[in-house]
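Please treat every number below as a calculation from the coordinates, not as lab data. All values reported here derive from a predicted model rather than from experimental measurement. Using ideal geometry, Cβ is built from the backbone for each residue, glycine included, and neighbour counts are taken over all protein chains shown.
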Amino acid sequence: MTPTTARVAFLHTGAVVIPPVMELVGEQLPGVSIINYLDDRIVADLADSSRQESIPDRLADLAAAAKSAGADLVMFTCSSISHLAGPTAERAGIPVLRIDEAMADEAVTSGGRVTVLATLPTTLNPTLALLRERADLAGATPTLTSEVIPGAFEAVAGGDRATHDSLVADAIERHAPTSDVVVLAQASMASAAKAAPVAVPVLSSLRPGITRLAERIQAA
């Protein structure tokens, strides 16, 4: 598998993340053939006890479709479903990568105090679990602090990106003085980091995730 022969399927839970992912793929893997799959009800259904049980099957079906379409691997672009990457790969018979794994690896080795910010509780808990998993693998013991930012998701869902970014930036600035690194749990939060110039690293998932994908394809 080389960049000119590889085919990668991205599985998204929100349309907003597709353009920045495609921009990074074009920058780092211009020869790769891309398939995008979108299930924009997953995040809402994670919070709905009557629909949660359907999500593993839906992800497995999409991954199986990607395999049938000739994909060499699948990448989840949503932190809310990262914990389902392994089971999905096993069921569909295709490698499934997590776009936030590289970010988590950087975070747990950047210092002892890691603050995780999210705009949805359904994203926060999987991100904390991923950080603990990667910390164990790295032999690190970070202290994790977290916050779900009130009103930020509602703002961006209503098309008010400016208010979302302002709320997230305020949270970054509040937590930075007591953190060694700040982690933005959702890729859609990345734009807010530019509005919060702080002295500690503020990490988001897209660029490190696509960089790791490129490294894997090039190594293969």
10 Å binning of all Cα-Cα separations within the chain, expressed as whole percents from 0 upward | 8, 34, 37, 19, 2
Region 49-79: trypsin sites (Lys or Arg not before Pro) in DSSP loop, at most 15 other beta carbons within 10 Å = R51
Sorted on mean Cβ neighbours within 10 Å (highest first), peptides 158-170, 203-215 come out as 203-215, 158-170
Rounded to the nearest Å, what's the spacing between the alpha carbon centres of region 118-162 and region 1-73? Just the number, please.
-> 20 Å
Taking +1 at the Cβ of each Lys and Arg and -1 at the Cβ of each Asp and Glu, which of M22, P95, I149 sits farthest along the dipole of the chain towards its positive end, judged by Cα position relative to the Cα centre?
-> P95
Value at 222 nm in deg cm²/dmol, rounded to 500, when DSSP H runs of n ≥ 4 in the chain each add -39,500 (n - 2.57) | -14000 deg cm²/dmol
Once you have a ≥ b ≥ c as the square roots of the Cα gyration tensor eigenvalues for region 101-204, tell me rounded if a/c is under 1.5, and otherwise prolate or oblate according to whether a/b is larger than b/c.
-> prolate
Once you charge only the Cβ atoms, +1 for Lys and Arg and -1 for Asp and Glu, what is the size of the charge dipole of the chain about its Cα centre, to the nearest 20 debye?
-> 320 debye
